[in-house]
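> Quick one: this structure, given as C-alpha coordinates, is what I'll be asking you about.
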Amino acid sequence: MEHNIESKEFQFLTKGLRTIFSIIMIFFIIVLFVMGALVIGMAFLSENTVNNFLNNASISTALTIEGIEIQLTNIVANNIIYEKMPMISLIALAMIYIGILLFIVWQIRNLLGNLSIGVIFTMANSKRIERVAYSVVVLSLTIGAFRTYIAYIVIQQLQLNTLIAGTEWITGIQYHFSSINWTLLFCGLVIWAIARVFRYGGFLQEEYDATA
(Lines give C-alpha, C1' and ligand atoms only; values in the text may rest on other atoms or scores of the structure.)
Protein backbone atom coordinates (compact mmCIF):
# COMPACT_ATOMS: atom_id res chain seq x y z
CA MET A 1 0.00 0.00 0.00
CA GLU A 2 2.78 2.39 0.94
CA HIS A 3 4.64 1.55 -2.28
CA ASN A 4 1.55 2.34 -4.35
CA ILE A 5 1.16 5.71 -2.63
CA GLU A 6 4.81 6.60 -3.30
CA SER A 7 4.43 5.50 -6.93
CA LYS A 8 1.35 7.68 -7.38
CA GLU A 9 3.12 10.64 -5.77
CA PHE A 10 6.07 10.17 -8.11
CA GLN A 11 3.78 10.03 -11.15
CA PHE A 12 1.93 13.13 -9.96
CA LEU A 13 5.23 14.96 -9.46
CA THR A 14 6.67 14.05 -12.86
CA LYS A 15 3.42 14.85 -14.68
CA GLY A 16 3.19 18.19 -12.90
CA LEU A 17 6.79 19.05 -13.79
CA ARG A 18 6.18 17.96 -17.38
CA THR A 19 3.22 20.37 -17.56
CA ILE A 20 5.38 23.19 -16.19
CA PHE A 21 8.13 22.50 -18.72
CA SER A 22 5.52 22.36 -21.50
CA ILE A 23 4.37 25.86 -20.53
CA ILE A 24 7.99 27.08 -20.47
CA MET A 25 8.58 25.52 -23.89
CA ILE A 26 5.53 27.27 -25.34
CA PHE A 27 6.74 30.56 -23.81
CA PHE A 28 10.19 30.18 -25.42
CA ILE A 29 8.59 29.39 -28.79
CA ILE A 30 6.46 32.54 -28.57
CA VAL A 31 9.52 34.61 -27.63
CA LEU A 32 11.43 33.22 -30.62
CA PHE A 33 8.58 34.13 -32.98
CA VAL A 34 8.37 37.65 -31.52
CA MET A 35 12.12 38.15 -31.81
CA GLY A 36 12.08 36.80 -35.36
CA ALA A 37 9.34 39.26 -36.28
CA LEU A 38 11.36 42.02 -34.62
CA VAL A 39 14.43 41.16 -36.69
CA ILE A 40 12.35 41.24 -39.88
CA GLY A 41 10.88 44.61 -38.90
CA MET A 42 14.31 46.02 -38.10
CA ALA A 43 15.64 44.81 -41.44
CA PHE A 44 13.03 46.85 -43.33
CA LEU A 45 13.09 49.90 -41.03
CA SER A 46 15.73 52.46 -41.94
CA GLU A 47 18.24 53.76 -39.41
CA ASN A 48 17.29 57.38 -40.16
CA THR A 49 13.67 56.72 -39.24
CA VAL A 50 14.61 55.27 -35.86
CA ASN A 51 17.20 57.98 -35.14
CA ASN A 52 14.70 60.72 -36.00
CA PHE A 53 12.20 59.14 -33.63
CA LEU A 54 14.81 58.96 -30.87
CA ASN A 55 15.79 62.59 -31.38
CA ASN A 56 12.19 63.79 -31.14
CA ALA A 57 11.18 61.50 -28.25
CA SER A 58 11.65 62.19 -24.56
CA ILE A 59 13.81 59.31 -23.32
CA SER A 60 15.23 58.60 -19.89
CA THR A 61 18.11 56.11 -19.68
CA ALA A 62 19.33 53.87 -16.90
CA LEU A 63 21.74 50.97 -16.52
CA THR A 64 21.10 47.99 -14.25
CA ILE A 65 24.24 46.12 -13.18
CA GLU A 66 23.93 43.18 -10.76
CA GLY A 67 20.88 44.68 -9.03
CA ILE A 68 22.24 48.25 -9.08
CA GLU A 69 20.29 50.75 -11.21
CA ILE A 70 22.25 53.78 -12.43
CA GLN A 71 20.22 56.71 -13.71
CA LEU A 72 21.92 58.45 -16.64
CA THR A 73 21.71 62.09 -17.58
CA ASN A 74 19.96 63.55 -20.63
CA ILE A 75 23.34 63.86 -22.32
CA VAL A 76 23.41 60.07 -22.73
CA ALA A 77 19.82 59.98 -24.03
CA ASN A 78 20.59 62.68 -26.58
CA ASN A 79 23.67 60.79 -27.82
CA ILE A 80 21.83 57.55 -28.64
CA ILE A 81 22.63 56.43 -32.18
CA TYR A 82 20.72 53.47 -33.58
CA GLU A 83 22.74 51.14 -35.84
CA LYS A 84 20.82 48.37 -37.54
CA MET A 85 23.35 45.57 -37.97
CA PRO A 86 24.70 45.46 -34.39
CA MET A 87 21.15 45.32 -33.01
CA ILE A 88 20.09 42.61 -35.46
CA SER A 89 23.19 40.55 -34.64
CA LEU A 90 22.47 40.96 -30.93
CA ILE A 91 18.88 39.75 -31.29
CA ALA A 92 20.03 36.90 -33.56
CA LEU A 93 22.51 35.76 -30.91
CA ALA A 94 19.82 36.03 -28.25
CA MET A 95 17.60 33.81 -30.41
CA ILE A 96 20.38 31.22 -30.58
CA TYR A 97 20.68 31.16 -26.80
CA ILE A 98 16.92 30.96 -26.35
CA GLY A 99 16.97 28.12 -28.87
CA ILE A 100 19.51 26.28 -26.71
CA LEU A 101 17.33 26.82 -23.64
CA LEU A 102 14.32 25.60 -25.61
CA PHE A 103 16.26 22.47 -26.58
CA ILE A 104 17.13 21.83 -22.92
CA VAL A 105 13.52 22.31 -21.82
CA TRP A 106 12.32 19.99 -24.61
CA GLN A 107 14.75 17.24 -23.57
CA ILE A 108 13.77 17.52 -19.90
CA ARG A 109 10.07 17.50 -20.83
CA ASN A 110 10.50 14.28 -22.81
CA LEU A 111 12.52 12.77 -19.95
CA LEU A 112 9.78 13.61 -17.46
CA GLY A 113 7.23 12.07 -19.81
CA ASN A 114 9.12 8.78 -19.72
CA LEU A 115 9.59 8.91 -15.96
CA SER A 116 5.87 9.50 -15.41
CA ILE A 117 5.02 6.18 -17.10
CA GLY A 118 7.73 4.23 -15.30
CA VAL A 119 10.34 4.21 -18.07
CA ILE A 120 13.46 5.23 -16.15
CA PHE A 121 16.76 3.48 -16.88
CA THR A 122 16.89 3.42 -20.67
CA MET A 123 19.44 4.45 -23.29
CA ALA A 124 16.98 7.03 -24.62
CA ASN A 125 16.75 8.75 -21.24
CA SER A 126 20.52 8.63 -20.90
CA LYS A 127 20.95 10.34 -24.28
CA ARG A 128 18.44 13.04 -23.34
CA ILE A 129 20.32 13.80 -20.12
CA GLU A 130 23.62 13.83 -22.03
CA ARG A 131 22.20 16.34 -24.52
CA VAL A 132 21.17 18.55 -21.61
CA ALA A 133 24.66 18.25 -20.13
CA TYR A 134 26.37 19.17 -23.41
CA SER A 135 24.03 22.14 -23.87
CA VAL A 136 24.80 23.41 -20.36
CA VAL A 137 28.54 23.06 -21.03
CA VAL A 138 28.14 25.07 -24.25
CA LEU A 139 26.32 27.78 -22.30
CA SER A 140 29.04 27.83 -19.64
CA LEU A 141 31.73 28.40 -22.28
CA THR A 142 29.88 31.10 -24.24
CA ILE A 143 27.50 32.92 -21.89
CA GLY A 144 30.26 35.22 -20.64
CA ALA A 145 31.12 36.31 -24.18
CA PHE A 146 27.45 36.86 -24.92
CA ARG A 147 26.97 39.08 -21.85
CA THR A 148 30.08 41.03 -22.77
CA TYR A 149 28.73 41.50 -26.30
CA ILE A 150 25.46 42.82 -24.87
CA ALA A 151 27.39 45.35 -22.80
CA TYR A 152 29.46 46.28 -25.86
CA ILE A 153 26.37 46.91 -28.00
CA VAL A 154 24.66 48.94 -25.27
CA ILE A 155 27.76 51.07 -24.71
CA GLN A 156 28.17 51.64 -28.44
CA GLN A 157 24.52 52.55 -29.01
CA LEU A 158 24.51 54.97 -26.04
CA GLN A 159 27.93 56.34 -26.98
CA LEU A 160 29.05 55.68 -23.41
CA ASN A 161 32.57 54.83 -24.51
CA THR A 162 33.15 58.43 -25.56
CA LEU A 163 31.43 59.93 -22.52
CA ILE A 164 33.14 57.66 -19.98
CA ALA A 165 36.58 57.99 -21.57
CA GLY A 166 36.17 61.77 -21.35
CA THR A 167 36.04 61.73 -17.56
CA GLU A 168 39.11 62.27 -15.40
CA TRP A 169 38.75 59.05 -13.42
CA ILE A 170 38.40 56.58 -16.34
CA THR A 171 41.01 56.27 -19.09
CA GLY A 172 39.36 53.62 -21.28
CA ILE A 173 37.13 50.56 -21.60
CA GLN A 174 38.26 47.00 -22.37
CA TYR A 175 36.06 44.05 -23.33
CA HIS A 176 36.96 40.50 -22.31
CA PHE A 177 35.05 37.93 -24.36
CA SER A 178 36.95 34.85 -23.16
CA SER A 179 35.40 33.87 -19.84
CA ILE A 180 33.95 30.67 -18.42
CA ASN A 181 30.96 30.36 -16.12
CA TRP A 182 32.39 27.79 -13.75
CA THR A 183 29.07 27.22 -11.97
CA LEU A 184 27.35 26.23 -15.20
CA LEU A 185 30.34 24.14 -16.23
CA PHE A 186 30.24 22.24 -12.93
CA CYS A 187 26.47 21.71 -13.32
CA GLY A 188 27.03 20.40 -16.84
CA LEU A 189 29.61 17.90 -15.61
CA VAL A 190 27.30 16.74 -12.80
CA ILE A 191 24.43 16.28 -15.28
CA TRP A 192 26.77 14.35 -17.58
CA ALA A 193 27.73 12.07 -14.68
CA ILE A 194 24.04 11.44 -13.96
CA ALA A 195 23.58 10.60 -17.65
CA ARG A 196 26.32 7.97 -17.39
CA VAL A 197 24.56 6.46 -14.38
CA PHE A 198 21.35 6.27 -16.40
CA ARG A 199 23.29 4.72 -19.28
CA TYR A 200 24.73 2.03 -17.03
CA GLY A 201 21.29 1.44 -15.51
CA GLY A 202 19.85 1.10 -19.00
CA PHE A 203 22.56 -1.42 -19.88
CA LEU A 204 21.74 -3.48 -16.78
CA GLN A 205 18.02 -3.26 -17.57
CA GLU A 206 18.62 -4.53 -21.10
CA GLU A 207 20.77 -7.39 -19.76
CA TYR A 208 18.05 -8.30 -17.28
CA ASP A 209 15.33 -8.20 -19.94
CA ALA A 210 17.44 -10.41 -22.22
CA THR A 211 17.96 -13.05 -19.57
CA ALA A 212 14.47 -12.95 -18.05
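The values are calculated or read from the model by the stated rules, or taken from the named source; none is laboratory data. All figures in this text were calculated on a predicted structure; none of them were measured in a lab. Only protein heavy atoms, including side chains, enter the accessible area calculation; ligands, DNA and RNA are left aside. Shrake-Rupley method; radii C 1.70, N 1.55, O 1.52, S 1.80 Å.
> Could you give each residue of segment 12-29 its phi-based ³J(HN,Hα) in whole Hz, using Karplus coefficients 6.51, -1.76, 1.60 with θ = phi - 60°, and x for Gly or Pro?
The phi angles translate into 5, 5, 5, 5, x, 5, 4, 5, 4, 5, 5, 5, 4, 4, 4, 4, 5, 5 Hz.
> Another one. Which residues' amide hydrogens lie under 5 Å from the amide hydrogen of Gln159, considering only partners 5 or more residues apart or on another chain, with H built in the peptide plane?
Placed amide hydrogens put Ile81 under 5 Å from Gln159.
> At a probe size of 1.4 Å, how large is the accessible area of Leu184, to the nearest 10 Å²?
Counting only protein heavy atoms, Leu184 exposes about 50 Å² to solvent.
> Here is a follow-up. Can you tell me which lysines have their Cα less than 24 Å from the Cα of Lys127? Leave out same-chain residues fewer than eight positions away.
Lys15
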